[in-house]
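Report on the following structure.
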Amino acid sequence: MRTLFKEQTVHIEKVFTPEADIILYDGNCEDFITQLPDKSIKLVITSPPYNVGKIYEQTIALEEYLQSLESVISGLVRVLADDGSICWQVGNYVDNGEVFPLDIYFYRIFKKFGLSLRNRIIWYFNHGLHASKRFSGRYETILWFTKTDNYTFNLDAVRVPSKYPGKRHFKGPKKGLPSCNPNGKNPSDIWEIISQDWKKLVWDIPNVKANHPEKTAHPCQFPIELVERCVLALTNENDRVFDPFLGSGSSVIAAIMHNRKALGCDKEPEYIKLTCDRIKSYRKGNLKIRPLGKPVYKPTGREKVSMIPEEWLKTKKEGLF
Ligand SMILES: C[S@@+](CC[C@H](N)C(=O)[O-])C[C@H]1O[C@@H](n2cnc3c(N)ncnc32)[C@H](O)[C@@H]1O
């Protein structure tokens, strides 16, 4: 039985079928990629394992890790459409306290396959572990590569509100007229989207409203809005969006929300099941989703967690520090 689950209006498969709306492959991504026709994918968006010892991976030497992903990337380049894009989201590999920024290593691999970098997007989040022997890390990156110079980029689909929409031209023929785009500005290459650092957000400061509505059991989940921005900007309706390291399925949800065809694989059957459950909830209208562009919550200073603890104030008054 190839079909994963039946729904009246969507066609969901387990193996590549040209007319499928959603394909979820439960297994190694390299085996799935070999099923895909050349140039059949418009957007690959993914976050590969970082080789940091998460429950779904075994840490190996950095060189070995990079080689195994180079082989995956070679297959991805083959299946990418000429006007398509790859968005490769990574953080750091850390060995004995030394930091190795993975995007630096991956850049060279993508260049070897002839791709062109369009942006190195900084995904900034103001939460995470507090380091004690270096500055605390607060961003990861998304390398956005294209296969050719003729790529899809729908800027109008992802504009964000201008900071000063009332600005006007102060000289020239347009003097006195509004100078901003009425549809908003380019979102830039720094994206502040709430991170997946659920533990800090949800458990340490439960009163802060920033706790994320999309949390699942997966340890490194993409916020759906992060994928949505790439889907809207880099694909058109009915294009295929593929995440070879699907995890909790956020990429699939973002794709189907915007009428794109979605493909994903994960070697852990429990994550494929999680994705199926999230698709079902989405289609029933009860999947909680943080809306694209919703401002990140900023404390006002009046919340209990944003106030200086009374004990510290007392110690300060007594001149102890
Ligand atoms: C960093 S997580 C991706 C999380 C995902 N972005 C999300 O939104 O949940 C990497 C995922 O890749 C899966 N994985 C690792 N190696 C794989 C392989 N060779 N083939 C398929 N999936 C793999 C892991 O099980 C894990 O779920």
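Rule-based calculations on the coordinates, nothing more; no lab input. Computed from a predicted model, the values in this text were never measured in an experiment. Don't worry about glycine lacking a Cβ; one is built from the backbone with ideal geometry, like all the others, and counts go over all protein chains shown.
Among the residues of the range 230-256, the one identified as of a type in the set (D, E, K, R) and within 14 Å of the ligand (Cβ to nearest atom) is D243.
Within the range 257-272, being in a helix (DSSP H, G or I) and either touching a Cys at 6+ places or on another chain (Cβ under 7 Å) or within 12 Å of the ligand (Cβ to nearest atom) (or both) holds for P269, E270, Y271, I272. Restricting the first residue to the range 171-187 and requiring it to be on the phi < 0 side of the Ramachandran plot, which pairs with a second residue that is among the hydroxyl-bearing types (S, T, Y) meet a Cβ separation below 6 Å and a spacing of at least six or different chains? Sorted first by the residue in the range 171-187, then by its partner, the pairs are C180/S162; K185/S162.
If the condition is being under 21 Å from the mean Cα position of the chain (by Cα) and within 15 Å of the ligand (Cβ to nearest atom), then the range 14-25 contributes I23, L24, Y25. For the range 72-102, the tally of residues that are surrounded by fewer than 13 Cβ atoms within 10 Å (Cβ to Cβ) and of a type in the set (S, T, N, Q) stands at 1. Picking from residues in the range 8-25 that are assigned to a loop (DSSP other than H, G, I, E, B), in contact (Cβ under 8 Å) with a residue 40 or more places away in the chain and not acidic (D, E), the one that is farthest from C265 (Cα to Cα) is V10.
Residues in the range 147-160 that are of a type outside the set (D, E) and over 17 Å from the mean Cα position of the chain (by Cα): K147, T148, N150, Y151, T152, F153, N154, L155, A157, R159, V160. Only residues that are part of a loop (DSSP other than H, G, I, E, B) and either within 13 Å of the ligand (Cβ to nearest atom) or among the hydroxyl-bearing types (S, T, Y) (or both): list them for the range 26-35, please. Within the range 26-35, G27, N28, T34 qualify. Of the strands (runs of 3 or more DSSP E) entirely within the range 36-155, those holding at least 1 residues that are within 14 Å of the ligand (Cβ to nearest atom) and more than 21 Å from P223 (Cβ to Cβ) occupy 92-95. Of all residues in the range 274-285, at least one satisfies being under 30 Å from I33 (Cα atoms) and of a type in the set (G, A, S).
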